[in-house]
Amino acid sequence: NGGKKVVGQVLEITWRSTVLLAFTDELITIPNRVMSQAQVSNFSPNGRPIVRSLSFRVPYGTDTELAKQLLMRATEGVTQVLRLPEPLVLISDATDSWITLKLVYYIHNYGGQYTVADELYKRVFALFAEKNLSFAPTRIAVETREAS
(Lines give C-alpha, C1' and ligand atoms only; values in the text may rest on other atoms or scores of the structure.)
Protein backbone atom coordinates (compact mmCIF):
# COMPACT_ATOMS: atom_id res chain seq x y z
CA ASN A 1 0.00 0.00 0.00
CA GLY A 2 3.02 2.24 -0.49
CA GLY A 3 3.44 3.31 3.14
CA LYS A 4 -0.03 4.83 3.23
CA LYS A 5 -1.90 4.54 6.54
CA VAL A 6 -5.41 3.11 6.31
CA VAL A 7 -7.76 2.90 9.28
CA GLY A 8 -11.08 1.09 9.35
CA GLN A 9 -13.16 -1.70 10.79
CA VAL A 10 -12.76 -5.08 9.10
CA LEU A 11 -16.02 -6.02 7.41
CA GLU A 12 -14.95 -8.98 5.33
CA ILE A 13 -11.92 -11.12 4.59
CA THR A 14 -11.95 -13.23 1.44
CA TRP A 15 -9.21 -15.21 -0.28
CA ARG A 16 -8.49 -12.19 -2.53
CA SER A 17 -8.96 -9.09 -0.37
CA THR A 18 -9.87 -7.51 2.95
CA VAL A 19 -12.69 -4.96 3.05
CA LEU A 20 -12.58 -2.18 5.66
CA LEU A 21 -15.25 0.32 6.64
CA ALA A 22 -13.60 3.74 7.11
CA PHE A 23 -14.79 6.42 9.56
CA THR A 24 -16.36 8.26 6.63
CA ASP A 25 -18.48 5.16 5.83
CA GLU A 26 -16.54 4.47 2.65
CA LEU A 27 -15.52 0.91 1.81
CA ILE A 28 -11.81 0.29 1.35
CA THR A 29 -10.75 -2.90 -0.44
CA ILE A 30 -7.15 -3.95 0.11
CA PRO A 31 -5.65 -6.88 -1.80
CA ASN A 32 -4.40 -9.58 0.58
CA ARG A 33 -0.95 -9.49 -1.04
CA VAL A 34 -0.74 -5.91 0.32
CA MET A 35 -2.24 -6.90 3.69
CA SER A 36 0.31 -9.69 4.09
CA GLN A 37 3.12 -7.11 3.93
CA ALA A 38 1.38 -4.43 6.01
CA GLN A 39 1.89 -3.52 9.64
CA VAL A 40 -1.52 -4.09 11.27
CA SER A 41 -2.65 -2.61 14.58
CA ASN A 42 -5.70 -3.97 16.37
CA PHE A 43 -7.49 -1.10 18.10
CA SER A 44 -10.16 -3.40 19.54
CA PRO A 45 -8.23 -5.84 21.72
CA ASN A 46 -10.52 -8.18 23.64
CA GLY A 47 -11.37 -6.88 27.08
CA ARG A 48 -8.89 -3.98 26.98
CA PRO A 49 -10.12 -0.39 26.86
CA ILE A 50 -8.90 2.12 24.30
CA VAL A 51 -7.42 5.32 25.73
CA ARG A 52 -8.31 8.67 24.14
CA SER A 53 -7.69 12.24 25.23
CA LEU A 54 -8.78 15.81 24.51
CA SER A 55 -6.77 18.93 25.36
CA PHE A 56 -8.17 22.29 26.41
CA ARG A 57 -6.20 25.52 26.89
CA VAL A 58 -7.40 27.94 29.53
CA PRO A 59 -5.94 31.39 30.21
CA TYR A 60 -3.17 31.56 32.80
CA GLY A 61 -4.75 32.39 36.16
CA THR A 62 -7.89 30.29 35.56
CA ASP A 63 -9.15 28.30 38.55
CA THR A 64 -7.70 24.97 37.34
CA GLU A 65 -9.47 22.93 40.03
CA LEU A 66 -12.84 24.22 38.82
CA ALA A 67 -11.85 23.60 35.19
CA LYS A 68 -10.76 20.05 36.08
CA GLN A 69 -14.07 19.40 37.87
CA LEU A 70 -16.02 20.61 34.83
CA LEU A 71 -14.02 18.38 32.48
CA MET A 72 -14.71 15.39 34.72
CA ARG A 73 -18.40 16.30 34.93
CA ALA A 74 -18.57 16.39 31.13
CA THR A 75 -17.75 12.68 31.02
CA GLU A 76 -20.51 11.69 33.43
CA GLY A 77 -23.39 11.63 30.94
CA VAL A 78 -21.53 9.98 28.09
CA THR A 79 -22.35 6.27 28.32
CA GLN A 80 -19.51 5.21 25.97
CA VAL A 81 -16.90 6.65 28.37
CA LEU A 82 -15.89 3.86 30.72
CA ARG A 83 -15.96 4.34 34.50
CA LEU A 84 -13.18 1.78 34.99
CA PRO A 85 -10.51 2.83 34.36
CA GLU A 86 -11.79 6.16 35.58
CA PRO A 87 -11.35 9.27 33.42
CA LEU A 88 -8.80 11.78 34.70
CA VAL A 89 -7.74 15.35 34.07
CA LEU A 90 -4.11 16.45 34.18
CA ILE A 91 -2.25 19.69 33.62
CA SER A 92 -0.12 18.79 30.61
CA ASP A 93 1.47 22.16 29.78
CA ALA A 94 1.79 25.67 31.16
CA THR A 95 3.06 28.93 29.71
CA ASP A 96 2.82 32.59 30.70
CA SER A 97 -0.34 32.78 28.57
CA TRP A 98 -2.21 29.50 29.12
CA ILE A 99 -2.51 26.21 30.95
CA THR A 100 -3.30 23.07 28.98
CA LEU A 101 -5.60 20.56 30.63
CA LYS A 102 -5.76 17.05 29.20
CA LEU A 103 -8.91 14.98 29.67
CA VAL A 104 -7.98 11.29 29.47
CA TYR A 105 -10.78 8.75 29.10
CA TYR A 106 -11.34 5.17 28.01
CA ILE A 107 -13.77 3.63 25.53
CA HIS A 108 -14.46 0.13 24.20
CA ASN A 109 -15.46 1.02 20.64
CA TYR A 110 -12.60 2.45 18.56
CA GLY A 111 -15.03 3.25 15.76
CA GLY A 112 -17.05 5.48 18.07
CA GLN A 113 -14.16 7.70 19.14
CA TYR A 114 -15.20 10.69 17.02
CA THR A 115 -18.83 10.71 18.16
CA VAL A 116 -17.69 10.37 21.79
CA ALA A 117 -15.23 13.27 21.35
CA ASP A 118 -17.96 15.37 19.71
CA GLU A 119 -20.28 14.75 22.66
CA LEU A 120 -17.53 15.57 25.16
CA TYR A 121 -16.62 18.81 23.38
CA LYS A 122 -20.27 19.94 23.39
CA ARG A 123 -20.62 19.16 27.10
CA VAL A 124 -17.35 20.90 28.02
CA PHE A 125 -18.26 24.03 26.03
CA ALA A 126 -21.68 24.20 27.73
CA LEU A 127 -20.26 23.67 31.23
CA PHE A 128 -17.53 26.28 30.72
CA ALA A 129 -20.08 28.81 29.40
CA GLU A 130 -22.34 28.12 32.39
CA LYS A 131 -19.46 28.98 34.77
CA ASN A 132 -18.16 31.88 32.61
CA LEU A 133 -14.82 30.14 32.03
CA SER A 134 -13.09 30.87 28.76
CA PHE A 135 -10.55 29.10 26.61
CA ALA A 136 -7.17 30.63 25.85
CA PRO A 137 -6.62 32.03 22.38
CA THR A 138 -4.09 30.19 20.23
CA ARG A 139 -1.95 33.30 19.97
CA ILE A 140 0.35 34.82 22.55
CA ALA A 141 -0.24 38.47 23.37
CA VAL A 142 2.90 40.59 23.42
CA GLU A 143 2.92 43.88 25.26
CA THR A 144 5.44 46.58 24.46
CA ARG A 145 6.39 49.35 26.83
CA GLU A 146 7.87 52.63 25.87
CA ALA A 147 11.16 53.50 27.50
CA SER A 148 10.89 56.37 29.96
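Applying a threshold of 6 Å to beta carbon distances and a minimum spacing of six or more residues, or different chains, the list of pairs starting in the range 130-148 at a residue that is closer than 18 Å to A94 by Cβ and ending at one that is part of a loop (DSSP other than H, G, I, E, B) and modelled with pLDDT of 75 or more reads I140/S97. Filter the range 22-47 for residues that are open to solvent by less than 70 Å² (accessible area, probe 1.4 Å) and in contact (Cβ under 8 Å) with a residue 40 or more places away in the chain and give the result. Within the range 22-47, just S44 meets the criteria. Only one of the numbered conditions (1) touching a Leu at 6+ places or on another chain (Cβ under 8 Å); (2) among the aliphatic types (A, V, I, L, M); (3) within 27 Å of K4 (Cα to Cα); (4) in contact (Cβ under 8 Å) with a residue 60 or more places away in the chain is not met by I50, and that is (1).
Of the residues that make up the range 40-50, is at least one more than 29 Å from L21 (Cβ to Cβ) and among the small types (G, A, S)? No, the range 40-50 has no match at all. Is there a residue in the range 54-67 that is outside any strand (DSSP E or B), exposed (fewer than 14 other Cβ atoms within 10 Å of the Cβ) and either in contact with a helix residue (DSSP H, G or I) (Cβ under 9 Å, 6 or more places away or on another chain) or of a type in the set (K, R) (or both)? No, that holds for no residue. Suppose we keep only residues that are part of a helix (DSSP H, G or I) and open to solvent by 80 Å² or more (accessible area, probe 1.4 Å) within the range 124-139. Which one would you say is nearest to L71 (Cα to Cα)? Residue satisfying both the conditions and the ranking: F125. So which residues in the range 78-106 are open to solvent by 60 Å² or more (accessible area, probe 1.4 Å) and either among the aromatic types (F, W, Y) or under 23 Å from V10 (Cβ atoms) (or both), if there are any at all? Residue satisfying the conditions is Q80 alone. One residue stands out among those in the range 107-123 that are open to solvent by less than 50 Å² (accessible area, probe 1.4 Å) and modelled with pLDDT of 95 or more: the one that is farthest from L21 (Cα to Cα), which is L120.
The values are calculated or read from the model by the stated rules, or taken from the named source; none is laboratory data. Note that this is a predicted model, so its numbers are computed, not measured. No Cβ is skipped: glycine too gets one built from the backbone with ideal geometry, and neighbour counts run over all protein chains shown. These area figures cover heavy atoms from the full protein model, side chains too; ligands, DNA and RNA do not enter into them. Shrake-Rupley method; radii C 1.70, N 1.55, O 1.52, S 1.80 Å.
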